[in-house]
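To start, the structure itself, in C-alpha cells.
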Amino acid sequence: MRVHHAHPYNAEPPPAVLAEQVITPVDAFYVRDHAAVPAVDLGAWRLTVDGLVERELELSLADLRTGFPERTVVATLQCAGNRRAGLLGVRDIPGEDPWGPGATSTAVWSGTGLADVLTRAGLRAGAAHIAFQGCDVSMEVSPPQPYGGSVPLAKAVAPEVLLAWEMNGEPLPPVHGAPLRVVVPGWIGARSVKWLTRITALAEPSGNYYQAIAYRMLPAVPGPDPDGIPLGPVPLNSAILRPGDGDRLAPGPTEVAGYAYTGGGRAVARVEVSLDGGTTWQRADLGSPAGPWAWRHWRATARLPAGETTIAVRAWDDAAATQPESPRSVWNPKGYANTSWHRVTVTCRE
Ligand SMILES: Nc1nc2c(c(=O)[nH]1)N[C@H]1C(S)=C(S)[C@@H](COP(=O)(O)O)O[C@H]1N2
Ligand SMILES: [Mo]
C-alpha cells in the first residue's frame with residue numbers, strides 16, 4: 001500500500017494491484033480514515049435508530065443478523081479525493097493528501113437493507129434525510145466530533161443501500177468499519193459511514209462537519225456561493241492502472257488497462273484511449289459488468305512509437321457525458337472530483 005498517513009491511517013494500493021481483479025482483495029482495498037480506528041466492544045455495541053421515527057430502536061448485531069433479511073451488493077467505493085494528485089500541478093491544495101487513482105476499490109458487501117431498518121422504526125412526517133454517525137472521534141474538528149454524514153431519504157431507502165457486516169464474504173475488518181458500516185453505492189465514499197452507532201431521521205441534512213463543511217465542491221474563486229455544493233453521487237471518471245507512469249517498456253504492442261466508474265445510477269457506456277493528446281481515440285474493451293454499482297475494468301492494445309508517449313483515457317456514460325480534458329477546468333480548493341482525462345507517460349525502447 002502507498003501510505004499517505006499512518007495516524008489516522010490513509011493508504012491506497014499501487015495502481016497495478018487494482019487492475020488484477022474486479023473485486024479488490026480486502027488487504028488491497030484503499031483506506032480513508034479521519035480519526036484513529038475506534039476500539040469497539042462487540043458485546044456492548046448497539047445501533048441506535050432515532051430522530052423523526054415512530055419507534056426508537058436499539059439493535060445488537062445479533063438483532064440485525066437474525067431479524068432482517070440479508071442482502072448482498074457488489075459496490076465500488078470512491079473517495080471524493082481520488083486523483084487529487086492531478087490537481088496539485090494546477091495549484092497547491094494545502095492540508096489534503098495527494099491521492100493517486102487508487103482511492104477507489106470494489107467489494108462484495110453483505111448486510112441488511114437500510115430501508116428494512118427504517119421501516120421497522122417507522123418514519124414520521126417530515127423525515128427527509130437519514131444521518132449516520134460513527135464512534136470514531138475526529139480531532140480535525142474543534143471541538144472533536146464523531147465522524148458523520150447524511151443522504152436524502154430517496155437514496156437512503158433505495159434497495160442497494162446496505163448496513164454491511166461482511167466484506168468479500170468475511171466479517172468486516174476493523175479498518176473498514178467493524179462491526180457495521182453503511183454502504184451507499186454510487187455516492188462518494190464519505191457517506192458510507194464506518195463504525196456505525198447511530199442512524200437519525202432528520203428534516204435537514206446532517207450538521208456534522210463532514211456533511212456541512214467538508215466534502216463540498218467549493219468554487220475555485222470564492223464568490224456568492226461560499227458554502228459550495230454538497231458532494232453526493234460520484235461523477236464519471238476513469239484511470240489507467242497499467243502501464244505505470246514513468247514505465248520503460250519493451251518494443252511491440254502494449255496492453256493498457258484500467259477502470260471506469262460513474263455513480264448516481266448512471267452506467268459507463270464507452271472507454272477510449274488516445275496516444276496523441278486527444279486528436280484520435282481508440283476504443284477500449286470493457287470487461288463484463290460485476291453489477292450496476294461496480295466499476296468496469298477495461299483494456300486496450302496500444303502500438304506505441306519508440307520514445308516517450310503520453311497515454312490518456314476518457315470514459316462516456318449513458319447520458320453521453322464525457323470527462324473534461326484538463327485538470328485546470330476542475331481545480332477546486334479542497335481537491336475533490338478530479339474527473340479530467342487520466343494520463344501516464346511511458347518510454348518505449350527502439
Ligand atoms: N466513521 C467513519 N466513516 C468513514 C470515514 C471516517 O473517517 N470515519 N471515512 C469516509 C471516507 S472519506 C471514505 S472515502 C470511506 C473509505 O472507506 P474505506 O476506508 O473502507 O475504504 O469511508 C468513509 N466513512
Ligand atoms: Mo473519502
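Backbone N atoms of the stretch 169-194 closer than 17 Å to the 7 Å Cα→Cβ label point of residue 27 belong to residues 169-176.
Å³ per residue of the Cα convex hull, for the stretch 182-280?
Given the Cα convex hull of the stretch 182-280, per-residue volume reads 200 Å³.
Placing unit charges on the Cβ atoms of the charged side chains and taking the dipole of the stretch 1-135 about its Cα centre, the candidate lying farthest along the positive direction among 73, 134, 26 is 73.
Subtracting the Cα-Cα distance of residue 288 and residue 140 from 0.36 nm times their residue separation leaves 49.2 nm of extension gain.
Using Cα pairs under 8 angstrom and six or more residues apart, how large is the relative contact order of the chain, in percent? Relative contact order, the chain: 18 percent. Pairwise alpha-carbon distances in the stretch 69-109 exceed 15 Å for 52% of all pairs. Sorted from greatest to least, the principal axis extents spanned by the alpha carbons of the stretch 237-348 come out as 41, 36, 22 Å.
With a 1.4 Å probe and every protein chain left in place, work out the accessible area per residue of the chain in Å², rounded to a whole number. Before the final figure, lay out the partial values.
Working: 14590 Å² over 350 residues.
Per-residue accessible area for the chain comes out at 42 Å².
Could you work out how far the C-alpha centroid of the stretch 167-214 sits from that of the stretch 229-280, in angstrom? Taking the Cα centre of each part, the stretch 167-214 and the stretch 229-280 sit 28 Å apart. A dipole drawn for the stretch 21-178 from +1 and -1 charges on Cβ atoms has a positive end, and of 105, 51, 154 the residue lying farthest that way is 154. Between residue 7 and residue 48, the C-beta separation translates, for a Förster distance of 30 Å, into a calculated FRET efficiency of about 0.60. What you get for the chain, charging only the Cβ of Lys and Arg (+1) and of Asp and Glu (-1), is a dipole of about 460 debye around the Cα centre.
For the chain, what does -39500 (n - 2.57) per DSSP helix run (n ≥ 4), summed and divided by total residues, give at 222 nm, in deg cm²/dmol to the nearest 500? Display every interim value, and only then the final one.
Working: 6 runs with 33 residues, N = 350.
Taking each H run of at least 4 residues, the total per residue is -2000 deg cm²/dmol.
With the alpha-carbon atoms of the stretch 11-90 aligned to their principal axes, the span from lowest to highest coordinate is 51, 29, 26 Å, starting with the largest. For the stretch 282-291, 3J(HN,Hα) computed residue by residue from phi via the Karplus equation (6.51, -1.76, 1.60; θ = phi - 60°) reads 10, 6, 8, 8, 8, x, 5, x, 8, x Hz, glycine and proline entered as x.
Taking a ≥ b ≥ c as the square roots of the Cα gyration tensor eigenvalues, with a/c under 1.5 meaning rounded and otherwise prolate when a/b beats b/c, else oblate, which class fits the stretch 59-154? List each step's numbers first, then the result.
Working: a/c = 2.36, a/b = 1.73, b/c = 1.37.
Here the stretch 59-154 falls in the prolate category.
The Rg/Rh ratio of the stretch 254-310, with Rg taken over Cα atoms and Rh as the Kirkwood radius over Cα pairs, comes to 1.04. Taking Cα centre as origin and charging only the Cβ of basic (Lys, Arg, +1) and acidic (Asp, Glu, -1) residues, the dipole magnitude of the stretch 237-348 rounds to 160 debye. At the residue level, residue 5 shows approximately 80 square angstrom of accessible surface with a 1.4 angstrom probe and all protein chains present.
Could you work out the relative contact order of the stretch 237-348? I mean the mean sequence separation of Cα pairs under 8 Å and 6+ apart, divided by the number of residues, in percent. Could the numbers behind the result be given before it?
Details: 262 pairs, mean separation 39.7, N = 112.
Reported as a whole number, the value is 35 percent.
Stretching the chain fully between residue 39 and residue 280 yields a gain of 81.4 nm (0.36 nm per residue, less the alpha carbon separation).
If I take R0 = 45 Å and measure r between the Cβ atoms of residue 345 and residue 175 in this structure, what FRET efficiency does the formula 1/(1 + (r/R0)^6) give, to the nearest 0.05? Present the calculation step by step, with values, prior to reporting the outcome.
Working: r = 33 Å, r/R0 = 0.74.
Here the calculated transfer efficiency is 0.85.
Estimated at the nearest 10 Å², the accessible area of residue 26 is 50 Å² with a 1.4 Å probe. Placing unit charges on the Cβ atoms of the charged side chains and taking the dipole of the chain about its Cα centre, the candidate lying farthest along the positive direction among 208, 263, 195 is 263.
Using C-alpha positions alone, give me the convex hull volume of the chain per residue in cubic angstrom. Each step should come with its number before you reach the end.
Numbers: hull volume 48.3 nm³, N = 350.
Here the figure is 138 Å³ per residue.
Answer rounded, prolate or oblate for the stretch 134-218, using the Cα gyration tensor with square roots of eigenvalues a ≥ b ≥ c: rounded when a/c is under 1.5, else prolate when a/b is larger than b/c, else oblate. Taking the square roots of the gyration eigenvalues as a ≥ b ≥ c, the stretch 134-218 is oblate.
If you roll a 1.4 Å probe over the stretch 1-121 with all protein chains in place, what percent of the accessible area is carbon or sulfur? Walk me through the numbers on the way to the answer.
On the way: 2690 of 5100 Å².
That fraction is 53 percent.
The values are calculated or read from the model by the stated rules, or taken from the named source; none is laboratory data. The structure displayed is predicted, hence computed values, not measured ones. Cβ sites come from the backbone with ideal geometry, for glycine too, and all protein chains shown count toward neighbours. Keep in mind that these areas ignore ligands, DNA and RNA; they rest on the heavy atoms of the full protein, side chains included. Shrake-Rupley method; radii C 1.70, N 1.55, O 1.52, S 1.80 Å.
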